[in-house]
Amino acid sequence: MQIQINRELRLESITRESLETLYPLFREDIEELNRWFGFDTDYSIENEYRYLEARKPPYDDAVVIFYQDAPCGRFGLYDYNGKENSIFMYYWVSSRFRQRGIGLACMKVMLQYLRELGIKEVLFDVDEENSVSIRLLQKIPEIRLKSKEKRLLYSCPLQEGFHR
C-alpha cells in the first residue's frame, strides 16, 4: 500500500527499512507509548522484525506515515473481525512531528482506504486520559464514542456515507 496524500505526506505499508528509520523515534516516545498502548520499556527492534514477518496485510498491517520523505509515525491495523467486517486501528505520530496536522490528514486517508477495502467499521480503543487522541478522533464527525468503560471505544462506520 502506498498513498500520496499531498506534497509532504504519504502512507506506505511498513518495510524493514522504514521500520529501522522509525524505530529510534519510537524509542524516544516509549514511555508515552507504553502508557497508551501497553508496550514494554524494553521493547526491541527484534520484536518489530518478528511482527514484520508475521503480519497479514491488509487486515493485519502497519502503515508508516512519511513527512517530507522521513518516517514520522505509524498506523496499525489489528483484530480484524470477518463476521462483523470491523477492524481496530491505532495511530502514533512522533513527538518531533506533532502539531502540524499530520495525524488528522493521515487519519482521513486511512479511513477512506479502509472503506475502499470494504471494512464496515473501524474501532479505536483509547485511554480516557489520552486527550490528544480523543481530540483527533473528535475532529472527524463520523467517529463516535461507542462505549465508555475502563477505556473509551470509538467507532467509525465506513459504509454509511463516510467521505474524506
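The values are calculated or read from the model by the stated rules, or taken from the named source; none is laboratory data. Not measured: the values here are computed from a predicted model. These accessible areas exclude ligands, DNA and RNA; they are computed on the full protein's heavy atoms, side chains included. Shrake-Rupley method; radii C 1.70, N 1.55, O 1.52, S 1.80 Å.
Sorting Asp125, Asp29 by solvent-accessible area of protein heavy atoms yields Asp125, Asp29, largest first, with a 1.4 Å probe. Straight-line reach from Lys83: taking Cα to Cα under 19 Å and skipping same-chain neighbours fewer than 8 places apart, the lysines in range are Lys56, Lys120, Lys146.
Using the alpha-carbon positions of the chain, Rg (one decimal) and Dmax (whole number) come out as 15.0, 43 Å.
Note that the chain presents 55 Å² accessible area per residue, ligands and nucleic acids not counted, probe 1.4 Å.
Here the extension length gained between Leu104 and Glu17 equals 28.8 nm, from 0.36 nm per residue of separation less the Cα-Cα distance. The string of couplings for the stretch 107-122 from the Karplus curve (6.51, -1.76, 1.60, θ = phi - 60°) is 4, 4, 5, 4, 5, 5, 4, 5, 4, 5, 6, x, 5, 8, 8, 10 Hz, one whole number per residue in order, with x for Gly and Pro.
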